[in-house]
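See below for the structure under consideration.
FYI, it's all coordinate maths here, none of it is from the lab. Just so we're clear, the structure is a prediction, and the values are computed from it rather than from any experiment. Note: ideal-geometry Cβ built from the backbone for every residue, glycine included; neighbour counts use all protein chains shown.
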Amino acid sequence: MADAELKSKVEELIQANPVLLFMKGTPDMPRCGFSMRVVQVLDQVDVDYGAIDVLPALQPLREVTAEISDWQTFPQLYVNGELLGGCDLVEEMFESGELAKALGVEQPDNAQAPQAQQSAPQQSPPLQIE
Amino acid sequence: MIEAALPGAAVEVIDETGTGDHLRATVAAPQFDGLSRIDQHRLVKAAVKERFDDGTIHALSVKTSVPG
């Protein structure tokens, strides 16, 4: 059962921010390769977005997003109150033009999702908030 | 595990880092027909939720399709 207060706070944030990214780390310093790839996609479509670092409260936020949108891995990108998906779906929708359409922006030229890096992505620390 | 949850699905899982905890799954399942892509992903994630919860899997990339 998710924390009710946190859940209503998250719901408010999702409604208040047309484009909202829940990620590990910050856009300037992503702490997970998948979060970094979504940041790179959003930079390419050149859209303003809010970002929330989930690491300080990972487990409570998992429980909250599991209830709100039946999704409990991060990153999660919300557009106009709806979950678009995690890294895979955001990249797929970016390359297909669906993301730009959902965001109401022009599809950038040469839209190419950042590929998974050859080296292992920067790992989030072994952080388990139980 | 995915095959058990989605009977008839064609599933391919690749170990991306060789450590067994970063996996990439390509899933083609008849159950996906008529579902949005995000709901298709939800089905796959639900099938392996246990392994996320116990920490066996750290990351799972998913690509879904409906068999033609």
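With helices as the sole contributors, chain A gives -12500 deg cm²/dmol at 222 nm; each DSSP H run of n ≥ 4 counts as -39500 (n - 2.57), and the sum is divided by every residue. Put the Cα centre of segment B:20-39 next to the Cα centre of segment A:54-109 and the gap is 16 Å. In this simple spin-label model, placing a label point 7 Å from the Cα along the Cα-to-Cβ direction at both B:GLU50 and B:ASP21 gives a separation of 2.0 nm. Here the peptides B:42-48, A:102-108, A:19-25 are ranked by packing, the mean other Cβ count within 10 Å, and the order with the highest first is A:19-25, B:42-48, A:102-108. Each peptide in B:11-23, B:53-65 receives the mean, over its residues, of other Cβ atoms within 10 Å, and ordering these scores from highest gives B:53-65, B:11-23.
Counting only lysines at least 8 places from B:LYS45 when in the same chain, those with an alpha carbon closer than 16 Å to its own are B:LYS63.
Within a 10 angstrom radius of each residue's Cβ in A:65-75, how many Cβ atoms of other chains show up on average? Whole number is fine. Taking all residues of A:65-75 together, the mean is 2. In this simple spin-label approximation, A:ASN80 and A:ASP3 carry label points 7 Å from Cα along the Cα→Cβ vector, and these lie 3.2 nm apart. Compared with the dominant principal axis of the Cα atoms in chain A, helix A:4-16 is inclined by about 20°. Peptide A:85-91 shows a mean partner chain C-beta count of 5 within 10 Å per residue C-beta.
Partner aspartates and glutamates whose Cα lies under 18 Å from the Cα of A:LYS7, excluding those fewer than 8 positions away in the same chain, are identified as A:ASP53, A:GLU63, A:GLU67, A:ASP70, A:GLU82, A:GLU130. The convex hull built on the alpha-carbon positions of segment A:5-76 has an orientation-averaged projected area of 4.5 nm².
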